[in-house]
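Below is one structure, written out as structure tokens; comments come after it.
The values are calculated or read from the model by the stated rules, or taken from the named source; none is laboratory data. Here the structure is a predicted model, which is why all the values come from computation and not from measurement. All Cβ positions, glycine included, derive from the backbone under ideal geometry; neighbour counts span all protein chains shown.
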Amino acid sequence: MTMIDAGVLQRADGLAREFQAAQPFRFVAIDDFLDRGLCERLLADFPGFEARNALNEMGEVGGKAVRMDVRDISDAYRDLDRYLQTPEFLEFVSTVTGIPDLLYDPDYVGGGTHENRQGQSLAPHVDFNFHPRTRWHRRLNLIVYLNPEWEDAWGGSLELHSDPWNPAANRTTSIAPLFNKAVVFETTETSWHGFTEIRLPPERAELSRKSFAIYLYTVERPAQDTAPSHATIYVPESLPADWQAGRTLSADDLAELGNRFTRMRGQLHFLYEREKKFAGHIAELEAAMRLELQGYATQPDGARGVWPDRWAGAEVEARFVPTRATRTLSLELWVPPQIDGQQLRIELDGTLHTRSLMPGMPTTIDLPLEAAAGHAVSLRIHAARSWTPSADGDSADVRALAYRIMGVAIRHR
């Protein structure tokens, strides 16, 4: 069953031209997007605001409620959910955006119904770029607004930004959240978007800003458009543009300033907690890393400067404890052709060695190691040069790589 308005389906090619030409990044706004009857059913069944659905990133109840369990809301939402999975819908969006092989997200991560109340705003941000479960690439946001009554003066308009970090040069496009208007935009590292603070008049204070959102993914995306995985990134608000030197702050000004500081502190607190979590994960990964060591030995501290795919950075440190007496440590290393004349300084159990590696071919390095069983042996390798694959333009790998460890072996007495 087709749920997009028939006239919209017929305009796919024209909408595609609008999408490609749009500024500050690729998007298209489509009036009367869904079948009118379906859209009215979605509004009639829109879930009520509940505190349990309005927890923000700090775990506090805020002015935004989200329901990602779309299929549990009503028959209208289940009907829409079934349609969003169909080839007709996905192929239509691919035609409009030029992005093939789009994938529907059954988890609605971050999507579903969104309700924003009086005083709520959304700072300019770029979205998380990988699905947390499938690791698919997030490619598009599709938002359908469900507000039969809305005026520009009430705020809440979607704003697309060219560069919110630079207010003087930032260019914006504003889109009112009107009933049955859909906005489709590409999610990239520069697709900054948010919405202005909702300021309803007293006689309309019971209203809220309602919308339905789905995010679409692909298994792959062009390497030049791919960034390391990240969560949503917000840009804190600057001072209001009309605040100038000599201004006397009113009570409303102070309240506005307090609100902005509160939002900024909340964002910083969230980033701090996320940084602690990331640091803990990194520490766990570093502790878990081991050299793929052949021989009778343990590695109590793990290895630093190596990755699970056996690539090594410019500085590698490891410690191992042989359980049998040793006579030699053998390293088999490979340097990519992009690094010509790699020089290594290897410190093994207090003795310094220097070696050269030829690009594009494996090199075996045998180093004397007279160590008794139970003696902790330290290994440090410093590489003079490194290479970043993304610098060649055909990879998203931003690591600084020095060589690859093909094998490490202890020869015993």
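List of remarks:
- Of all the residues in the stretch 311-349, those that are closer than 22 Å to residue 390 by Cβ and crowded, with 17+ Cβ neighbours inside 10 Å number 8.
- Of all residues assigned to the stretch 295-303, at least one qualifies as being in contact with a helix residue (DSSP H, G or I) (Cβ under 6 Å, 6 or more places away or on another chain) and either of a type in the set (Lys, Arg) or free of Cβ contacts under 8 Å to residues at least 24 places away in the same chain (or both).
- So residue 128, is it touching a Ser or Thr at 6+ places or on another chain (Cβ under 6 Å) and either assigned by TED's automatic domain parsing to the domain that holds residue 174 or not aliphatic (A, V, I, L, M) (or both): yes
- Check on residue 132, crowded, with 20+ Cβ neighbours inside 10 Å and under 30 Å from residue 262 (Cα atoms): no
- Those residues of the stretch 163-174 which are in a strand (DSSP E or B) and either loosely packed, with under 13 Cβ neighbours inside 10 Å or over 24 Å from the mean Cα position of the chain (by Cα) (or both), in sequence order: 174
- Taken together, the criteria place residue 13 among residues that are of a type in the set (D, E, K, R) and either exposed (fewer than 13 other Cβ atoms within 10 Å of the Cβ) or assigned to a strand (DSSP E or B) (or both).
- Considered as a group, the residues in the stretch 350-363 that are within 40 Å of the chain's Cα centre (by Cα) and either more than 21 Å from residue 392 (Cβ to Cβ) or among the polar types (S, T, N, Q) (or both) include one that is surrounded by the most Cβ atoms within 10 Å (Cβ to Cβ), and that residue is 363.
- Within the stretch 57-98, the set of residues being closer than 25 Å to residue 45 by Cα and of a type in the set (Phe, Trp, Tyr) comprises 77, 83, 89.
- Scanning the stretch 278-306 for residues that are modelled with pLDDT under 85, among the charged types (D, E, K, R) and surrounded by 13 or more Cβ atoms within 10 Å (Cβ to Cβ) returns 286, 290, 301.
- All conditions in (1) surrounded by 12 or more Cβ atoms within 10 Å (Cβ to Cβ); (2) part of a helix (DSSP H, G or I); (3) not aliphatic (A, V, I, L, M) hold for residue 47, with the sole exception of (2).
- With a requirement of 2 or more residues that are of a type in the set (Gly, Ala, Ser) and assigned by TED's automatic domain parsing to the domain that holds residue 43, the strands (runs of 3 or more DSSP E) lying completely within the stretch 181-256 that satisfy it span 209-218.
- Residue in the stretch 86-106 that is assigned to a helix (DSSP H, G or I), without any contact (Cβ under 8 Å) to a residue 60 or more places away in the chain and more than 22 Å from residue 26 (Cα to Cα) present: yes
- Exactly one residue among 82, 52, 78, 41 is part of a helix (DSSP H, G or I) and either within 22 Å of the chain's Cα centre (by Cα) or farther than 23 Å from residue 5 by Cβ (or both), and that residue is 52.
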